[in-house]
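Below: the structure, in structure tokens.
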Amino acid sequence: MQMQELAEQDKMSNNNLTYTAINVSDITSSILNDCLESSMNTLATSVDGTQAILKWKGDSPAWVATLGLSTYTQSQIRALCKTAPWLPPGPTG
């Protein structure tokens, strides 16, 4: 499914959260205060630990534009999390 189709599904399901993937090194306590995550220890991170997913309700905080981040719906972020940077290597043979 394409990202646009996933966005339409989320609109229909009334999911009003917005998500972004951000460099862990860019996350500050101020950024966390704008999000639903409670601390650095509770973040979903990429396999290499360099990226994290943040979510919030309502309008996007100013730092999203300042950092040039993309925003995603729930379905879109789930699709992103199924890509190689976010999945641990499978069992070896």
Q: Test L69 against the stated conditions and say whether it is in contact with a strand residue (DSSP E or B) (Cβ under 7 Å, 6 or more places away or on another chain), surrounded by 12 or more Cβ atoms within 10 Å (Cβ to Cβ), assigned to a loop (DSSP other than H, G, I, E, B) and on the phi < 0 side of the Ramachandran plot.
A: yes
Q) Has segment 30-43 got at least one residue that is modelled with pLDDT of 95 or more and in a strand (DSSP E or B)? A) no
Q) Among W63, W56, which is the only one that is in contact with a helix residue (DSSP H, G or I) (Cβ under 7 Å, 6 or more places away or on another chain) and at pLDDT 95 or above? A) W63
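The values are calculated or read from the model by the stated rules, or taken from the named source; none is laboratory data. What you see is a predicted model; the values in this text were computed from it and never measured. Virtual Cβ from ideal backbone geometry, glycine too; neighbours counted across all protein chains shown.
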